[in-house]
Amino acid sequence: MKLKIGELAKRTGLTVRALHHYDKIGLLCPAVRADNTYRLYDEEDVLRLYRIQALRRLQLSLEEIRSILDDDSVSMGDIVKQQISLMEKQAREALALRDHLLNLSAHLDGAQLPVVDDWLTALEMTVHSEKYFTTAELAALRRQRTASDTTDKSALIHALHGLMEKQVSPQDALAQSLSQRWLQCMQDESGGDAAILIKFYQMQSEEKALQLFSGLDQATLDYMVRALACASLPLYEAYCQPEELDILRQHSVTDAAAWPALIAALHSECVAGSRVSHPKVQELAKAWQALSLKKAGNNPALQKKIQQAFAEQPELRMGIDNRLFAYLQSALKTMAG
């Protein structure tokens, strides 16, 4: 049996382009070329192609597949067993996801916002968890959820929505109180880990589906960040004059929402092990300095006071753990040098 490339593509569901690519990289070369024009695939080629497709389902790269196929110790039986194991895992995950979505649907049918914890668990099953959290962090979060209290986050979100609809300023005492309660919930769930806290924010900000089910959209997130910035202003009193606090108060309302994304970007570079001298890290450091100067009303003297308070008051470093703080300081020094 010998098949032309078009016939093989039709039988396997692959494209001719894909088969051409496999041939080009030496992964699947046809046994015969008729008149140096037509590619003809024999039974051995078809068997090798099946192995390639089976290994692709295991989410292996083409280079990894090449290594396996060139290793005579790996049998087709081993490949099939791995496929079965993968399918069983996917079936378990699909059933778990179905049960979870049924629970969420019940909340929505009852005109209730689901508790964010529930959607976080669903998200873990629908999105590659490593996009936000390590395996160890996810395990810690599951344990922490069990240990933490069951504050009604939906009620907090509804209350914040009500303030926003009435155009209540983030400087309002109730806005600050509700935002602080939300922050405390997230700190409890993260076990006080600042790095996990900023990942929570990043996930909530980026995942539109999560925003839909939790009711916590970007506008509400920004409102809370501004309210939290206003709530932290008393920490600057020992460093600033009253007129300087007025400047900080103004920029806490207008610019505070720009900080979390910048912190998340720095955190990603820190975790990735990027050198502080790397151009991308230096760009982030420059953005930090520019935002800091803007917060100070373009007053370098006030900016220095802000930086001193930031260094001496850990409460001002929400989402920034000691590791990230040291990384940031080193990046700023490198930029200044």
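Quick note: the coordinates plus some simple rules give every number you see, no bench work behind them. Predicted model only: the values in this text are computed from it and were never measured. Quick reminder, even Gly has a Cβ in these numbers, built from the backbone with ideal geometry, and neighbours come from all protein chains shown.
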Rounded FRET efficiency, nearest 0.05, which uses the C-beta distance separating Asp172 from Thr15 and R0 of 56 Å: 0.40
Trypsin sites (Lys or Arg not before Pro) lying in DSSP loop within segment 233-300, provided at most 15 other Cβ fall within 10 Å: Arg275
Förster radius 25 Å - calculated FRET efficiency between Ala272 and Asp23, Cβ distance, rounded to 0.05: 0.10
Spelling out what I want: for every residue of segment 19-24, take phi, set θ = phi - 60°, compute 6.51 cos²θ - 1.76 cosθ + 1.60 (Karplus), and round to whole Hz; glycine and proline get x. 5, 4, 5, 4, 5, 4
Taking R0 as 56 Å, what FRET efficiency do you get between Ile68 and Gln184 from their Cβ-Cβ distance, rounded to the nearest 0.05? 0.65
For segment 183-200, Karplus couplings with θ = phi - 60° (6.51, -1.76, 1.60), whole Hz, Gly/Pro x: 4, 5, 4, 5, 5, 4, 5, 8, x, x, 7, 5, 5, 5, 4, 5, 5, 4
Simple SL model, points at 7 angstrom along Cα→Cβ for Arg249 and Leu138; separation in nm is 4.6
Backbone HN-Hα couplings from phi across segment 45-54 [Karplus 6.51/-1.76/1.60, Hz, Gly and Pro as x]: 5, 5, 5, 5, 5, 4, 4, 4, 5, 5
XL table Lys131/Lys333; Lys153/Lys305; Lys199/Lys305; Lys166/Lys295; Lys89/Lys280; Cα-Cα > 32 Å flagged, in table order, is Lys153/Lys305; Lys89/Lys280
Just the C-alpha atoms of segment 182-337: what Rg/Rh do they give, with Rh taken as the Kirkwood radius? 0.96
